[in-house]
Each structure stands twice: as C-alpha cells, then as structure tokens.
Amino acid sequence: MVHPVLRSEADGDMRPPESRLEEAVGLAQAIQLDVVHAECAKVNRPQPSTLLGSGTVEQLAQMVEESEATLVILDHALSPVQQRNLERSLKAKVIDRTGLILEIFGARARTREGMLQVELASLTYQKSRLVRSWTHLERQRGGFGFLGGPGESQLELDRRLIGDRIIKIKKELEEVRRTRGLHRKARAKVPYPVVALVGYTNAGKSTLFNRLANADVFAQNLLFATLDPTMRQVTLPSGRKVILSDTVGFISDLPHGLVAAFRATLEEVDAADIILHVRDIAHIDSEAQKADVHEVLSDMGIDPETDDRVIEVLNKIDALDEESRAAVLAQTGRNPRAVAVSALSGEGIDDLDRLLDQRMNVNRQVVDLSVDLGDGAALAWLYARSEVLDRRDDEEHAHLQVSIDPVDLARFEKRFQPTEQPTEQVQPQP
C-alpha cells in the first residue's frame, strides 16, 4: 500500500499523510486483503509515465519481490498508462484508489439495485482502462459477407460491448429511479416524513440506524460495512411515525463516477424531510471528514450550512475523554441543529428523538376540533396522525386540541367532516 504525497496537493489537504495512509489500509482490510507493507511516498514532480519517481519505483519493485506481494495499491488516481507501466515495472497487479473502492462496493452490494450501481461504476471505470497494451486487443475480427474486410479490432469490440452494457444498466437504473419516485409519492400520501442518515463511512450510521429503528442492519467497525440503502418505520416519543433511511457512506476523493452511479440512492437524501449528518466526533480527522461530506451534499444541491433540514449528530462521545466530552456537550448545547450521542451505548438518543419531534412539529398548527363521540374512526385517525394536547368530552362530542400538519388537517376535514370547524388556529409551534 502506497500513499503518494504530492507537493501540489499537500498544502491544501486537511489530513496528514499518515492519516490518509491509515484510511487506505483500512479500505484494503475491509475486503480481507493482507497488507504486508504500507508507506507514504513523497512525489516532488509527478511523472506522466508512472506518477512516482524512478527511484521510488525501483525500491517498490525490490520490496514486491522480497515480500512476494501479488497486489500493489496506490492511494491515488492513476491514468491507464501509469497503471500499465507500474505493472510492468513492479511485476505485480496494480490498482488505484478508485479501483479499490470499486472492489469494496462489489463485495458489499446485496440488492439488485446495489449490484447495478456498482456494475455501472465499474464498467465506466474499465472503459477508460482499455488501452493498446496487450497484443490480443490489436487483433482484428473478420467482417461480414464474403469479402471480409478489415473487421473490428478486439479493443474496439470490447469498448463497444462495455458501452452497450452501460446503456442497458442506465436504463434499468432509470427504472429504479422512477420506482423510487413512485414510492416517495406513495409515502407523501400517507404521509410519513423521511429522515435520511448521511455521513462519512464508518461514522456509525448503521449502528445509529439499528438503535433508532430496533433493526439488525449489518454494522461493524469496517469502512463501507453496508452499501445498500435500508428503510424502516420509526415511532417518535410523540407517537408520530417517520421513515428512517440509511444510505451509503461517503469518503474523501470519492470518484465522480461513483456519485453518478449512486444517483438513484442519493435522491432519497435530497427528498428527505430531515437529514441527519452522522459524524465520528472521536476521530482525529472528524473536521476533514465533515468537509468531505459537505462537499458531496453541495454537489447534490444541498447547502449543509443553511439548509434547516440538516442536523449534525456527533456520534461516539463514549470514546472521548472527559474534557473533550464536556466540550462537545457544551457545543451541542449552544447549537439547536446539533446533538451529541453514542449510538453504541444509547446515550443521547432520547435527546435526538426529542429534537426530531421538535423539527417535525415546526410546520404543525394547534387547532380545536369537535368530533362525535360515536365516530370512533375519526378519533382514532386523530390520535394516530396528530398530537392530542387536550380533550374535553360532553354528552355528544369530544372537544380536542391537537397539533397537526396542515396537510393532515385538510385530509381530516375532507374525510370525516367534523361537526365544527376549527375554532382556533395558533401560529406554527417553534
């Protein structure tokens, strides 16, 4: 494992090279690769042919031979020519950061959608790797008819086959996108608000998802432990129901091809009513990870700094020392859009539930309604879809004061036609 430290990139990087190397090793270990050696390699002047300097390449070649390594991973983007030349010099298979992430995604995908998204990203990546580096790619296949003709080179055939497959997958993913849109419309009719979890990989999203939803989604101390999106219905303390959505984790230098491939999944985030940005507050690079997530959200058209839907969940406070823990709790105490939790121990989860309830109530109105005591369906509907703040019963009617969404109020009036129109309407709750 080699992390090239380019002088041109080092100045603007928020992470130290050692931290980036550690993350790259973690990526390799996520798919059970045995890392026999890891180092940072300074690159004063990137070489067009190999990226690394000739001296570094020679040292790596000797190390590969001595350790009998079969794979060399460069934690950086490589051009097809650089990859080919390094494989020749090192006499081992070479992959770059994008190739490694694709390997992980391929190993993690379980659903049909996830597999399609990974295949699309992988084929798009492979298409750029088709260079005339092997003789079998230069051989030509015969043309049609009796005269034959120059035919089609294996390289051109491979590129065309990949292109055809990419078109087919995009059509299938477009159908997935359309289906997701129909599901969102169906949820809007219920309506159950959607709370989406986003964050850097291994920030604890799946553990928090399991804690909030009493679910058993695979959660482990691995980068990209889960890939496929998962949804569960969750009941908040007020009795209000929401849909909790767990999404793929983000990572620094996430290839744009991967972001495009996972567009159908990321649309769930864009359409969410609340976005929980889960951060590993105990990680040394927590601020840098936050910046990476903000960059991806910004690319999706979501401004994390100004969008009121975004709530920061500072996770893993159980891993902090007392001083750091006190500082984090003081920080969240001053910020109404942040909460400190430990998804592992459950600490702070009640605070998160209350904050979600408050956010869900922002657009609600407090109204007075009168319902026939014999209309059990209308009463049950109100108790299920609103928060009943007060109730007085007389001989014929139940007089209720409820906190309810305007959409639900209109739906109630249309469906049950209460005996009295709302007698009081208060401004939306803070």
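From the list VAL43, VAL25, VAL35, the lone residue that is open to solvent by less than 40 Å² (accessible area, probe 1.4 Å), touching a residue at least 24 places away in the same chain (Cβ under 8 Å) and over 15 Å from VAL5 (Cβ atoms) is VAL25. Look at region 274-290: where a residue is part of a helix (DSSP H, G or I) and a partner is of a type in the set (A, V, I, L, M), sitting 6+ places away or on another chain with Cβ atoms under 8 Å, you get GLU287/MET14; ALA288/MET14; GLN289/ALA203.
Of the residues GLN331, GLN358, the single one that is modelled with pLDDT under 90 and part of a helix (DSSP H, G or I) is GLN358. A Cβ distance below 6 Å, combined with a sequence gap of six or more or placement on separate chains, defines the contacts here; from region 111-125, residues that are without any contact (Cβ under 8 Å) to a residue 40 or more places away in the chain reach residues that are buried (at least 20 other Cβ atoms within 10 Å of the Cβ) in the pairs SER122/LEU102.
Of the candidates GLY346, GLY301, the single residue that is modelled with pLDDT under 90 and at positive phi is GLY301. Figure legend. Inter-residue proximity from region 204-223: first residues on the phi > 0 side of the Ramachandran plot and in a loop (DSSP other than H, G, I, E, B), second residues at pLDDT 90 or above and crowded, with 22+ Cβ neighbours inside 10 Å, beta-carbon distance below 8 Å, spacing 6+ or different chains. Indicated pairs: GLY204/VAL278; GLY204/ASN315; GLY204/LYS316; GLY204/ALA343. Among residues that are at pLDDT 80 or above, small (Gly, Ala, Ser) and not in a helix (DSSP H, G or I), GLY374 is included. Within region 245-285, the set of residues being among the hydrophobic types (A, V, I, L, M, F, W, C), modelled with pLDDT under 90 and touching a strand residue (DSSP E or B) at 6+ places or on another chain (Cβ under 6 Å) comprises PHE250, VAL269, ALA272. Between ARG165, ARG160, the distinction of being farther than 25 Å from LEU21 by Cβ, in a helix (DSSP H, G or I), open to solvent by 30 Å² or more (accessible area, probe 1.4 Å) and at pLDDT 85 or above belongs to ARG165 only.
The values are calculated or read from the model by the stated rules, or taken from the named source; none is laboratory data. All of these numbers come straight from a predicted model, not from anything done at the bench. As a convention, Cβ positions derive from the backbone with ideal geometry for all residues, glycine included, and neighbour counts pool all protein chains shown. For accessibility, only protein heavy atoms count, side chains too; no ligands or nucleic acids. Shrake-Rupley method; radii C 1.70, N 1.55, O 1.52, S 1.80 Å.
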